[in-house]
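One structure is given here, and the rest of the page talks about it.
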Amino acid sequence: MSEAEPPEEFNPFKGMPIFGDLGKLFAQQTSSSWDNARQIAIAVATQGGAESNVEPTQRIALEELARVAELQVSSVTGLTNVRSGKAASIVASTRTTWVSATLEAYRPLLEPIAGASHRSDPLKTPLDDMSDPAEAMIGQIMKMLGPALTSMTAGSMVGNLARRNLGQYDLPIPRDSAEILVIPANIAQLASEWSLDLSDLQLWVCLSELTHHTVLSVPHVGRRMQDLLEDYVASFEADPAALRHKLSDLDLANRDSLDNLESLWGDPEMMLGAIQSSAQRALLPQITALVSVIAGYVDWVVDSVGRNLIGSYQQLSEALRRRRVSTGSADRFIEKMLGLELSQDHYDRGTAFVSGVLERAGGEGLARLWHTPKELPTPAEVEAPGLWLARIDLAD
C-alpha cells in the first residue's frame, strides 16, 4: 500500500495578486462576497475545468451499500437517523454540488469571522496618525477588505476540501439536510492511490457518514456542537500586537517584501493569529472533548460492523485512520478557524473513553452517552470514564 503524494501547500490567494485581483473583486458590484466565494470554490474544486456527472453505476453501488450500512448502524446504535422529519439518505455528489452545499452549511460559522475583522480596526490607531506607511496600508486593507478576504479564503478552502473529502462529515459539523453527500470521484481516487478495494472503501464511507449523521441528529448533541462552534467563531477579536509582529519585516521600499505580501495573507497564522481570543482558548477543551467522544463512538460502531462485513477491513481501517491525522493545509486552516483542530492524541482520548465505558458498563452503558444533555461528558470525564459513569448514576 502506498500513500498519496502530499497535497500542494494551501494558499487561499494563490494566483490572485492582492493588489490586482482584490481591486477587480470590488469592482464587481453585482456580486456578493459569498457569490465570489462559491465561484472560487468551484474553480478550485474542478481545477477550472468541466466536471462530469456521477456515473450511474457508482450511484447505484453507493445506494445499495447505503441500505446495508443503514440497517447495521441502526442496529448497533439504537438511534434514529431522522433529520428534519426525513430519514437519512446517501447521495452521490459531484465536487461542484458538494461545494455549494458545504459553503451554505459553513456560512453561519464563517461569516462572523469576517465580521470580527471588519468591526475592529486591528491597529487601533487613526490611519492619518500612523508614521509607518506599511501599517497604514495594512490597516486600510483590513478595515475595507476583511469580509471579502474571509469569503475568498472560505471559497479556496472549501474548494480544496472538495478535492480530498470523501463525505460531508470529515469535519463533524451538523447539517440540517437529511441528505448525506459523498464524493465518488474522491473515493475512487483514494482507493487507487492507496491500493484499497473500492467496494470495501465505499461501504466504510457509508458506515462512517451514517454513524456521524445519526449521532449529530440527536437534537441535543447537534445543538451542543453547533452552539460551541458558534460561540467559538463569535469570540474572534483583533490583536494589534500579533498583526504588527507579522508586519515587522515588511518594507514598502523593497519590492521583494511587497512580493511576499500575497503569501502573508495566505498564511493561516496571519488571519487567525491576529484575531484569536482567550475566550476561544477556553472553549477549545469543550469542543475537543465532544469531538473526541463522537469520533471514538463512530470508530467503535464502524469497527463493530466493518469487521464482519468488510473483507479488507484491517488494512482499510489502518489506512483511513492514518490519513485522518495527516491532513493537508486546507484542512488545518478550517480546523483552526472553527476550533476543530484535532491531533492523534485527541482521537486516542476518544477511543480510550469508549473502551473504558465498555469495560465498566458494556454497550448499554455506552448507549447512555446520547440520552440527555446531562450525559454528555465533561473534558475531565473524557480522561476518566469511571468518573463519567459515577456522575450519571447519581440520583437527581
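Is it true that L342 is without any contact (Cβ under 8 Å) to a residue 12 or more places away in the chain, on the phi < 0 side of the Ramachandran plot, in a loop (DSSP other than H, G, I, E, B) and not small (G, A, S)?
Against the criterion (without any contact (Cβ under 8 Å) to a residue 12 or more places away in the chain, on the phi < 0 side of the Ramachandran plot, in a loop (DSSP other than H, G, I, E, B) and not small (G, A, S)), L342 does not qualify.
Going by the conditions given, is P147 open to solvent by 30 Å² or more (accessible area, probe 1.4 Å), within 17 Å of Q39 (Cβ to Cβ), modelled with pLDDT under 65 and not aliphatic (A, V, I, L, M)?
Yes.
Condition (residue is hydrophobic (A, V, I, L, M, F, W, C), under 21 Å from A66 (Cα atoms) and part of a helix (DSSP H, G or I)) applied to segment 275-289: is it met by at least one residue?
No - not one qualifying residue is present in segment 275-289.
Please go through segment 320-337 and pick out each residue that is surrounded by fewer than 20 Cβ atoms within 10 Å (Cβ to Cβ), modelled with pLDDT under 90 and among the hydrophobic types (A, V, I, L, M, F, W, C).
Of everything in segment 320-337, just one residue is surrounded by fewer than 20 Cβ atoms within 10 Å (Cβ to Cβ), modelled with pLDDT under 90 and among the hydrophobic types (A, V, I, L, M, F, W, C), namely V325.
From the list L309, L316, L290, L283, which residue is open to solvent by less than 10 Å² (accessible area, probe 1.4 Å) and either at pLDDT 95 or above or not basic (K, R) (or both)?
Only one candidate passes the filter, namely L316.
Being of a type in the set (A, V, I, L, M) and under 26 Å from N81 (Cα atoms) is the filter here, so list the residues in segment 340-381 that pass it.
L340, L342, A352, V354, V357, L358, A361, L366, A367, L369, L376
I'd like to know if segment 364-374 contains one or more residues that are open to solvent by less than 60 Å² (accessible area, probe 1.4 Å), more than 17 Å from Q226 (Cα to Cα) and outside any helix (DSSP H, G or I).
No, every residue in segment 364-374 fails to be open to solvent by less than 60 Å² (accessible area, probe 1.4 Å), more than 17 Å from Q226 (Cα to Cα) and outside any helix (DSSP H, G or I).
Is one or more of the residues making up segment 109-124 modelled with pLDDT of 60 or more, open to solvent by 40 Å² or more (accessible area, probe 1.4 Å) and among the charged types (D, E, K, R)?
Yes: segment 109-124 contains one or more residues that are modelled with pLDDT of 60 or more, open to solvent by 40 Å² or more (accessible area, probe 1.4 Å) and among the charged types (D, E, K, R).
Taking the conditions exactly as written (in contact with a Ser or Thr (Cβ under 6 Å, 6 or more places away or on another chain) and closer than 18 Å to T77 by Cβ), does G350 satisfy them or not? Break it down stepwise before answering.
Values: in contact with a Ser or Thr (Cβ under 6 Å, 6 or more places away or on another chain): yes; closer than 18 Å to T77 by Cβ: yes.
Against the criterion (in contact with a Ser or Thr (Cβ under 6 Å, 6 or more places away or on another chain) and closer than 18 Å to T77 by Cβ), G350 qualifies.
Name the residues in segment 49-108 that are of a type in the set (D, E, K, R), in a helix (DSSP H, G or I) and either open to solvent by less than 40 Å² (accessible area, probe 1.4 Å) or farther than 26 Å from L338 by Cβ (or both), would you?
Listed by number, the residues that qualify are R59, E63, E64, R67, E70, R95.
If R83 meets every condition in (1) in contact with a His (Cβ under 9 Å, 6 or more places away or on another chain); (2) within 18 Å of V305 (Cα to Cα) apart from one, which number is that one?
(2)
Out of segment 199-219, which residues are part of a helix (DSSP H, G or I), in contact with a Ser or Thr (Cβ under 8 Å, 6 or more places away or on another chain) and either without any contact (Cβ under 8 Å) to a residue 40 or more places away in the chain or open to solvent by less than 20 Å² (accessible area, probe 1.4 Å) (or both)?
Answer for segment 199-219, where residues must be part of a helix (DSSP H, G or I), in contact with a Ser or Thr (Cβ under 8 Å, 6 or more places away or on another chain) and either without any contact (Cβ under 8 Å) to a residue 40 or more places away in the chain or open to solvent by less than 20 Å² (accessible area, probe 1.4 Å) (or both): T211, T214, V215.
Which numbered condition trips up L161, out of (1) at pLDDT below 90; (2) within 30 Å of E64 (Cβ to Cβ); (3) of a type outside the set (F, W, Y)?
(1)
The values are calculated or read from the model by the stated rules, or taken from the named source; none is laboratory data. For clarity, every value in this text was computed on a predicted model and none was experimentally measured. Ideal geometry is used to build each Cβ from the backbone, glycine not excepted, and the neighbour counts take in all protein chains shown. The area values use the complete protein model at the heavy-atom level, side chains included, leaving out ligands, DNA and RNA. Shrake-Rupley method; radii C 1.70, N 1.55, O 1.52, S 1.80 Å.
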